[in-house]
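Participant: First the structure, which I've put down as structure tokens, then a few questions once you've had a look.
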Amino acid sequence: MRYFAVLLTTLALAGCGAGDQPPAETPPAAEEERIAGEPLSYWRGGLTNADPEVRRVTAMGLGGLGVEALSLVPDIIATLGDDSPEVVVAARQALLDIGEPARPAVLEALANDANETVRAHLARALREVRPTTPDIVTALADALGSDEAWQVRFRAAESLGEIGPDASAAEDRLRAALQDQDANVQAAATAALERLQN
């Protein structure tokens with residue numbers, strides 16, 4: 001709960017703390033889900049706040065809550081498109097902290113999110129998931145073979161290399177990537193194939 005306490009303090013200093021919540025006589029709709037005592041709109045407001053520090057601390061706070069924050073995984077994924085590198089790092093770590101329950105949404109977003117920056121960050125994040133499971137390797141191999149953005153293909157190849165021998169099922173896709181139209185992807189695939197042999 002340390003992140004939650006820091007988050008409340010930061011939001012208050014930024015002018016979006018408890019003082020800006022609806023007054024007691026007009027609480028959020030009863031059906032709105034709450035996380036750590038706050039409605040989802042509260043957390044979404046933190047993730048989209050104009051102040052990047054508020055966005056960063058909000059993401060950290062949600063990661064600190066673990067699986068309790070599962071309902072906000074799509075919002076955290078969207079935050080990977082943030083302009084602030086610090087916010088992106090916090091969002092990526094939050095997804096890792098939430099863990100396995102977030103995996104289906106992460107894999108779906110890697111395949112289908114409209115924002116190529118989000119997809120690239122997801123491809124990078126998946127290398128840090130342990131244990132590596134076949135669905136992760138398959139998702140990265142698919143991204144390497146079919147994503148239109150070279151940054152996503154590059155990150156997918158890098159991640160497969162970082163995973164190492166556990167990613168051997170992607171070897172054919174990595175070999176095909178040696179002929180990728182982008183030299184960065186070719187280099188990442190070459191390096192990944194070397195790691196698969198070690």
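Rule-based calculations on the coordinates, nothing more; no lab input. Since the structure is predicted, the reported quantities are computational estimates derived from the model, not experimental observations. Because the Cβ atoms are built from the backbone with ideal geometry, glycine has one as well, and the counts that use them run over all protein chains shown.
Participant: At a 10 angstrom cut-off on C-beta neighbours, averaged per residue, how do the peptides 121-131, 152-162 rank from highest to lowest? Mind dumping the intermediate values first?
Facilitator: Details: 121-131: 19.8, 152-162: 26.7.
The most tightly packed comes first, giving 152-162, 121-131.
Participant: Another question, then. Which whole-Hz ³J(HN,Hα) couplings does the stretch 140-145 yield from phi under the Karplus relation 6.51 cos²θ - 1.76 cosθ + 1.60, θ = phi - 60°, glycine and proline marked x?
Facilitator: 5, 5, 5, 5, 4, x
Participant: By how many nm would the segment from residue 86 to residue 116 grow when fully extended, if each residue of separation counts as 0.36 nm and the alpha-carbon distance is taken off?
Facilitator: Length difference between fully extended and current span is 9.0 nm.
Participant: Turning to a different aspect of this structure: Using a 10 Å cut-off around each Cβ, can you sort 77, 163 from fewest to most neighbouring Cβ atoms? Numbers along the way, then the final one.
Facilitator: Numbers: 77 26, 163 23.
The fewest-first ordering by Cβ neighbours comes to 163, 77.
Participant: Can you work out the Karplus-derived ³J(HN,Hα) for every residue in the stretch 38-51? Use 6.51 cos²θ - 1.76 cosθ + 1.60 with θ = phi - 60°, whole Hz, and x for glycine or proline.
Facilitator: Using θ = phi - 60°, the values come out as 10, x, 4, 4, 5, 5, 5, x, x, 6, 10, 4, 5, 8 Hz.
Participant: Given H placed on each backbone N at 1.01 Å, which residues far from residue 81 in sequence or on other chains put an amide H within less than 5 Å of it?
Facilitator: Sorted by chain and number, the residues that satisfy this come to none at all.
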